[in-house]
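Heads up, the thing below is written out as structure tokens.
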Amino acid sequence: MELNDWILSLHVLSAFALVGAMVIFWIMIVALWGTDSTSRVASLMRVSRVGTVLVSVGSLGTIIFGVWLAISVDAYQVWDGWVIAAIVLWAIGVELGRRAGQGYGAAGMEAERLAAAGTETSPVVAETFGASRAVQFHAASSLLILLILIDMIWKPGA
């Protein structure tokens, strides 16, 4: 195996980590939809930490190894349209995901604090784990990740 094969493998593995994190977060969103139970939210926050690590590794790995591939493989250039599109979509998707994480993270920390204090319900938790801005940001981020995958598979204009 050549170096570029290893870089491609790490790029694809990073993409799997990113998509896996998105799936973990969607499962949590669906499982907690509309709940106001602080103990239920607090119990699933440990799972979110795994998703946070996966999204960090996946986000950094996809961009680093993706740009590295675009530079090292003669058939592609960083300024190819499909590569630029992927980088722009990646940047927007990561920012939207960060905003979703802020919303859910704050509500999760509040739920953990309230559950430890013995409070069973919270309107803030119910609001966040329903039709909130956080779910809108997560949905938009997920859509952008899907668009990046489509871009990477079919490489329009390449």
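Data table
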{"read-out": "Near pairs, Cβ below 6 angstrom, 6+ apart or cross-chain, from segment 6-29 (at positive phi) to any residue that is of a type in the set (A, V, I, L, M) and surrounded by fewer than 19 Cβ atoms within 10 Å (Cβ to Cβ)", "value": "none"}
{"read-out": "Of all residues in segment 117-142 being hydrophobic (A, V, I, L, M, F, W, C) and free of Cβ contacts under 8 Å to residues at least 40 places away in the same chain, the one that is surrounded by the fewest Cβ atoms within 10 Å (Cβ to Cβ)", "value": "Ala117"}
{"read-out": "Number of the exception - Met45 against (1) within 20 Å of Leu146 (Cβ to Cβ); (2) crowded, with 17+ Cβ neighbours inside 10 Å; (3) in contact with a Gly (Cβ under 8 Å, 6 or more places away or on another chain)", "value": "(1)"}
{"read-out": "Exclusive hit being at pLDDT 95 or above, more than 14 Å from Ile63 (Cα to Cα) and assigned to a helix (DSSP H, G or I), set Ala140, Ala107", "value": "Ala140"}
{"read-out": "Unique residue being in contact with a strand residue (DSSP E or B) (Cβ under 8 Å, 6 or more places away or on another chain) and charged (D, E, K, R) when the list is Asp5, Asp74, Asp80, Asp36", "value": "Asp36"}
{"read-out": "Filter result (surrounded by fewer than 16 Cβ atoms within 10 Å (Cβ to Cβ) and assigned to a helix (DSSP H, G or I)) within segment 29-38", "value": "Val30, Ala31"}
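A quick yes/no check of all residues on (1) in a helix (DSSP H, G or I); (2) at pLDDT 95 or above; (3) surrounded by 14 or more Cβ atoms within 10 Å (Cβ to Cβ); (4) touching a helix residue (DSSP H, G or I) at 6+ places or on another chain (Cβ under 6 Å):
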{"site": "Asp5", "(1), (2), (3), (4)": "yes, yes, no, no"}
{"site": "Leu18", "(1), (2), (3), (4)": "yes, yes, yes, yes"}
{"site": "Trp26", "(1), (2), (3), (4)": "yes, yes, yes, no"}
{"site": "Val41", "(1), (2), (3), (4)": "yes, no, yes, yes"}
{"site": "Leu60", "(1), (2), (3), (4)": "yes, yes, yes, no"}
{"site": "Tyr76", "(1), (2), (3), (4)": "no, no, yes, yes"}
{"site": "Leu89", "(1), (2), (3), (4)": "yes, yes, yes, yes"}
{"site": "Leu96", "(1), (2), (3), (4)": "yes, yes, yes, yes"}
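The values are calculated or read from the model by the stated rules, or taken from the named source; none is laboratory data. Quick caveat: nothing in here was measured; it's all calculated off a predicted structure. Glycine gets a Cβ as well: all are built from the backbone with ideal geometry, and neighbour counts include every protein chain shown.
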